[in-house]
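Let me begin by presenting the structure, written as structure tokens, before commenting on it.
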Amino acid sequence: MNRSLVKYGSVVLAMTWLSGCNTLGSSQGEDGLLDGEGVVVEERGAVSGGIGENGLNGSDIVDGAEARVIAGEGDFSSANLDDPSNLLSQRVVYFEYDSSAVRDQDYAVLQAHASYLADNPTAQVRLEGHTDQRGSREYNLALGERRALAIREILMIQGAAASQFQVTSFGEERPQQEGEGDAVWQANRRVELVYTGR
């Protein structure tokens with residue numbers, strides 16, 4: 001009886017200690033999570049999951065998603081979705097050949113959309129993944145999905161909820177431009193953020 005009580009108490013104590021290590025409000029160092037207000041978390045590598053030693057838990061890897069979180073204040077209202085001078089009006093993210101890794105220049109746009117989604121929990125967005133026509137139809141459908149999931153992962157890390165997304169892959173079926181060549185292929189390798197509810 002005493003042994004099982006000691007084991008139970010040890011388990012409870014360990015679980016309590018572990019849950020305290022993963023608190024959002026704690027300071028985690030220069031490159032980690034600073035506080036709940038002006039969060040600055042940056043870690044390269046494909047991640048999804050909770051907060052860890054360097055700000056993000058690298059145990060859950062998502063191919064192609066590079067986590068870079070820069071959350072803070074911003075003027076991102078639904079009126080800005082169609083304002084050409086606002087980052088929210090940019091709703092297409094392009095990719096390199098055969099890649100689902102998000103390019104550095106797209107993080108500011110994604111941060112704007114993440115802030116908007118976090119501030120508007122009823123907003124819904126469909127992430128439509130696309131590829132160029134090279135490769136098999138099946139491969140391109142899977143690649144388009146990986147690209148859309150990479151965008152969703154980054155937006156969720158920055159505060160959007162999973163319930164706000166619908167992920168769709170069209171593969172090569174809906175090209176933005178017809179034809180061949182690097183410029184055409186680059187235009188077709190994309191994820192479009194389509195707001196279905198504001």
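The values are calculated or read from the model by the stated rules, or taken from the named source; none is laboratory data. Keep in mind it's a predicted model, so treat the numbers as computed, not measured. FYI the Cβ positions are ideal-geometry reconstructions off the backbone, even for glycines, and counts take in every protein chain you see.
Numbers below:
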quantity: Candidate set from the stretch 178-198 (those that are surrounded by 13 or more Cβ atoms within 10 Å (Cβ to Cβ) and assigned to a loop (DSSP other than H, G, I, E, B)); member that is farthest from the chain's Cα centre (by Cα); calculated: 198
quantity: Residues located in the stretch 132-153, provided they are of a type in the set (S, T, N, Q) and not in a helix (DSSP H, G or I); calculated: 133, 136
quantity: Failed criterion for residue 79 (all others in (1) at pLDDT 95 or above; (2) over 21 Å from residue 182 (Cα atoms) hold); calculated: (1)
quantity: Residue list for the stretch 115-135, restricted to those being surrounded by 23 or more Cβ atoms within 10 Å (Cβ to Cβ) and touching a Leu at 6+ places or on another chain (Cβ under 7 Å); calculated: 116, 117, 125, 127, 131
quantity: Per-region count, the stretch 90-115, residues in contact with a strand residue (DSSP E or B) (Cβ under 8 Å, 6 or more places away or on another chain) and either assigned to a loop (DSSP other than H, G, I, E, B) or at positive phi (or both); calculated: 4
quantity: Residues being among the charged types (D, E, K, R) and in contact (Cβ under 8 Å) with a residue 40 or more places away in the chain - total across the stretch 141-169; calculated: 3
quantity: Unique match (being surrounded by fewer than 24 Cβ atoms within 10 Å (Cβ to Cβ) and free of Cβ contacts under 8 Å to residues at least 40 places away in the same chain) among 172, 138; calculated: 138
quantity: Residue match in the stretch 147-159 (condition: in contact with a Pro (Cβ under 9 Å, 6 or more places away or on another chain) and surrounded by 15 or more Cβ atoms within 10 Å (Cβ to Cβ)); calculated: no
quantity: Search result, residues across the stretch 79-108 that are in contact with a Lys or Arg (Cβ under 6 Å, 6 or more places away or on another chain) and of a type in the set (Gly, Ala, Ser); calculated: 100
quantity: One residue from 95, 170 being under 21 Å from residue 196 (Cβ atoms) and of a type outside the set (Ser, Thr, Tyr); calculated: 170
quantity: Flag for residue 118 being part of a helix (DSSP H, G or I) and at negative phi; calculated: yes
quantity: Residue list for the stretch 93-111, restricted to those being aliphatic (A, V, I, L, M) and surrounded by fewer than 21 Cβ atoms within 10 Å (Cβ to Cβ); calculated: 101, 108, 109
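So that you can scan it fast, the table gives a plain yes or no per residue for (1) modelled with pLDDT of 95 or more; (2) under 11 Å from residue 127 (Cβ atoms):
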| position | (1), (2) |
| --- | --- |
| 154 | yes, yes |
| 161 | yes, no |
| 166 | yes, yes |
| 169 | yes, yes |
| 174 | yes, no |
| 198 | no, no |
